[in-house]
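Participant: I'd like to ask some things about the structure below.
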Amino acid sequence: MSDLIEQAESLIDDLSATDAEIVRTAIASYSEAERFSARSGKVKDAQAFRKAEQNLKKLIAMYSEDGTPDTIRTKREVHAYLVSRGYKVSERTVYDHISDGKLTEQASGGFLRSDVDRYAETYLRKRAEKSSEQIRIDADTELKRERTRREKMNNDQLAGNLISREKIGAEFAARIVELTQAHENLIENLPHQIAGRTEPEIRDMLSAAFRKIMLSYSRKLESVRNAE
């Protein structure tokens, strides 16, 4: 067992059930990526292993102190945290306040929980008061739900369940080449096809040819998406 896995597993007993499951999932992804990389020797598997390793290291750093991160990582998590604390504020308002400098993001990324609390006390108003225990539970629930969503996305990326940006770009580039070729073929063949035709007939032929090209283009994009 690697030192990294031992570090991660040593944290699990002090975490909530949800956070413990996040760490276990990251450990499993790391172990699987490590095996694939060692067995295949392929560059893509080595890259997947490095991503899994970085993800696990981030989680270890996040939970290593007291099981509760002091940094809220994204604007969306800030909003979720504030709402769960009983503050009446929209996500758009939080984003605007951050843009206005009322809440400052750290240079390394994320927002200090103490800064978020100070910002809320200064600029926001609360809904009907909840008990401190209920507020704490709600805050933890909202943050964990958002964190679980982000970790699932990371794990899906590692498992290849999400289409890469490069893959999408390549597929669209291929469709553009096909569309260009169809257009050139139309230009080359059309003069012979419309010779002697009336204006309404030519208009109908052009419309039908254009629809045929666009339908073919659209069907192929749909088939690629479904295949993925």
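The values are calculated or read from the model by the stated rules, or taken from the named source; none is laboratory data. It should be emphasised that the depicted structure is a prediction, and the values quoted were computed from it without experimental measurement. Please note: Cβ atoms are built from the backbone with ideal geometry, for glycine as well, and neighbour counts cover all protein chains shown.
Participant: With 83, 89 as the choices, which residue is touching a Phe, Trp or Tyr at 6+ places or on another chain (Cβ under 9 Å), aliphatic (A, V, I, L, M) and under 20 Å from residue 116 (Cα atoms)?
Facilitator: Values: 83 fails: touching a Phe, Trp or Tyr at 6+ places or on another chain (Cβ under 9 Å).
The match here is 89.
Participant: Which is modelled with pLDDT of 70 or more and of a type outside the set (Gly, Ala, Ser), of 166, 184?
Facilitator: Of the residues listed, the single one that is modelled with pLDDT of 70 or more and of a type outside the set (Gly, Ala, Ser) is 184.
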